[in-house]
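A.B. asks: Once you've had a glance at the structure underneath, I'll fire off some questions.
Here, each number is a calculation from the coordinates, and none is a lab measurement. Note that the coordinates shown come from a computational prediction; the quantities given were computed from them, not determined experimentally. So basically every Cβ, Gly included, is an ideal-geometry build from the backbone, and we count neighbours across all protein chains shown.
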Amino acid sequence: MDEQKPFGLHDLEAISAIEKEVELEEFNLIAIIGAGTMGQGIAQAAAAKGIEVVLVEKDRPSLKRAMTNLNDTLDREIERWAMTESDKRAILARIEGTTNLEEVEKCDLIISAISEDLNAKKELFSRLDTICPPETIYITNTSTLSVTELANTTQREDKFIGLHFLNPVPKVPLVEVVRGLKTSDHTFVKIKKFAEKLDKTAVEVFEYPGYVTTRVIIAMLNEAMYILMEGVASADGIDQAMKLGFNFPIGPLALADQMGLDEVMAWMESLFRDLGDLKYRPCPLLRKLVRAGHLGVKTRRGFFVYDESGKRIR
């Protein structure tokens, strides 16, 4: 009897052959559905590498707000001397904003960056199947949702894969490439190369709740919140201890504020529901802050207090 292969072990020769096959294939026109923070970041990262982007939003006010935010983000990069005015013009020229989902038909690759709502994403991908040709690859940008379950709503489970970008997308050099149960090796290799074109290190992940980064970081954030609630140390003391003790660039509570405390709580609830592990049960202090509308940087108050530009003032 043949020895069973460990989970996640590939036929490396087959993967190598596929890599050579797709070496010259590129995605020249992609669609990003959802122009929130992540959608804007992915659009900027792709456009900066010469890729044409169709950025889809649900309505005109949301689209206008997204394009204004993207323009402001690029202006801040110019102020930091991280890009030039001509770089900004080139990036914006490659991003076409629209509210018409039908326009994605012409794209080689579709990335869903809408909110982490399973039913909403299922409905979106079901609708896309009536619009896009069979060869179009679908990507869900997600940190907790099941790639396999979403793929099952389409007629192309082999061409369905997850990408977990971290915020801010243009600056974080990592992306998790999440394979669903039926994601083909060919799809994985093509998307890995796409990620590398965006200057990302692509880490292959087999679907499991929370993947790698979310599962690890959420447990740490939750524990830091419990330490604060139990009065072991102040919020500033906790963050200083982790920054200086483990060389973290930012403390866990400030990081949670940056992520958005409502988002953090949603991820905790998802992991607690899927894994049943108490370490993911949201800290009562977190629930209290979210109920009060103190969601972190975006509301100018969370574990710390921030000014209009997002700079901490206490």
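A.B. asks: Quick one: Karplus J couplings for segment 130-140, per residue in order, coefficients 6.51, -1.76, 1.60, θ = phi - 60°, nearest Hz, x for Gly and Pro?
C.D. replies: So the J values, rounded to whole Hz, are 8, 10, 8, x, x, 7, 5, 8, 9, 10, 10.
A.B. asks: May I ask you to list the aspartates and glutamates whose Cα is less than 20 Å away from that of residue 88, ignoring any residue fewer than eight positions away on the same chain?
C.D. replies: 52, 72, 75, 77, 79, 96, 199
A.B. asks: Let me ask something else about it. Each residue of segment 222-229 in turn: what ³J(HN,Hα) in whole Hz from Karplus with 6.51, -1.76, 1.60 and θ = phi - 60°, glycine and Pro shown as x?
C.D. replies: Once θ is set to phi - 60°, the couplings for segment 222-229 become 4, 5, 4, 5, 5, 4, 5, 4 Hz.
A.B. asks: Let me ask something else about it. I'd like the orientation of helix 235-246 relative to the chain: the angle between its Cα long axis and the longest Cα principal axis, in ° from 0 to 90, rounded to 10.
C.D. replies: Roughly 60 degrees between the two axes.
A.B. asks: OK, next. Name the long-range amide H neighbours of residue 32: under 5 Å, sequence gap of 5 or more, or other chain; modelled H, no Pro or chain starts.
C.D. replies: Result for residue 32 returns 54, 55, 56, 111.
A.B. asks: Right, another one. Quick one: which residues, 5 or more positions from residue 295 or on another chain, have an amide H under 5 Å from its amide H? H modelled 1.01 Å from N in the peptide plane, none for Pro or chain starts.
C.D. replies: 301
A.B. asks: Expressed in nm to one decimal, what extension gain is obtained for the pair residue 287 and residue 60 from 0.36 nm per residue of sequence separation less their Cα-Cα distance?
C.D. replies: Contour length minus the Cα-Cα distance gives 78.4 nm.
A.B. asks: Which order results if 153, 99, 187 are arranged by neighbouring Cβ count within 10 Å, fewest first?
C.D. replies: With the sparsest Cβ surroundings first, the list reads 99, 153, 187.
A.B. asks: Still on this structure: Plugging the Kirkwood radius over Cα pairs into Stokes-Einstein for segment 188-314, at a temperature of 20 °C and a viscosity of 1.002 mPa s, what D comes out in µm²/s?
C.D. replies: Translational diffusion coefficient: 136 µm²/s.
A.B. asks: Starting from the Kirkwood Rh over alpha-carbon pairs, what translational D in µm² s⁻¹ does segment 186-251 have by Stokes-Einstein at 25 °C and 0.890 mPa s?
C.D. replies: In µm²/s, the coefficient rounds to 169.
A.B. asks: If the cut-off is 18 Å between C-alpha atoms, which aspartates and glutamates fall inside it for residue 243, apart from same-chain ones fewer than 8 positions away?
C.D. replies: Within the straight-line cut-off, residue 243 pairs with 223, 257.
A.B. asks: So in segment 12-206, what percent of DSSP beta bridges are antiparallel if you round to the nearest 5?
C.D. replies: Percent antiparallel among DSSP bridges in segment 12-206 is about 15.
A.B. asks: While we're here: Please state the relative contact order of the chain as a whole percent: Cα pairs under 8 Å, 6+ residues apart?
C.D. replies: The normalised contact order for the chain reaches 13 percent.
A.B. asks: Another question, then. Test of understanding: ordering 64, 159 by Cβ neighbours within 10 Å, fewest first, what list do you get?
C.D. replies: Ascending Cβ contact count within 10 Å gives the list 64, 159.
A.B. asks: With label points built 7 Å along Cα→Cβ from the Cα atoms of residue 69 and residue 123, find their separation and express it in nm.
C.D. replies: Result: 2.1 nm between the two label points.
A.B. asks: For segment 62-140, compute Rg over Rh where Rg is the Cα radius of gyration and Rh is the Kirkwood radius from the inverse mean 1/r over Cα pairs.
C.D. replies: 1.06
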